[in-house]
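Asks: Next up is a structure, given as structure tokens.
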Amino acid sequence: MADEVAVPVRGALRRAKLHRPATRTHGTIVFVHGSGEATVDDFAWYTDQLTDLGIACLVVDKVMDGYGPAAPAARLRRHTANSTSHRL
């Protein structure tokens, strides 16, 4: 069973799911993912296996703002546009 919750990340609330075992909890794992475009729903296999072992799991949706192949280039353009040129 999973409860929909919200977790504050970088000043905004992010969707999250708290998976609890049906029996006594023996520990908790927090999934902090940063690769790819996975959502809380993409971790169901892992959370099912872990809750069967008595381990609660909190999975938080990744911050997607500024994510993607163009994001680093856009940040670089903003940085260079705001900086002044220096000659040696």
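The values are calculated or read from the model by the stated rules, or taken from the named source; none is laboratory data. Please read all numbers here as calculations on a predicted model, not as lab measurements. Here Cβ is always computed from backbone atoms with ideal geometry, including for glycine, and neighbour counts include all displayed protein chains.
Asks: Test of understanding: among L50, L58, which residue is under 12 Å from the mean Cα position of the chain (by Cα), modelled with pLDDT of 90 or more and closer than 23 Å to A6 by Cβ?
Replies: Criteria check complete, one pass: L58.
Asks: Same structure, new question: If we scan region 76-87, do we find a residue that is within 11 Å of the chain's Cα centre (by Cα) and at pLDDT below 90?
Replies: No - not one qualifying residue is present in region 76-87.
Asks: What number of residues within region 6-22 satisfy the criterion of being in contact with a strand residue (DSSP E or B) (Cβ under 9 Å, 6 or more places away or on another chain) and either aromatic (F, W, Y) or free of Cβ contacts under 8 Å to residues at least 24 places away in the same chain (or both)?
Replies: 3
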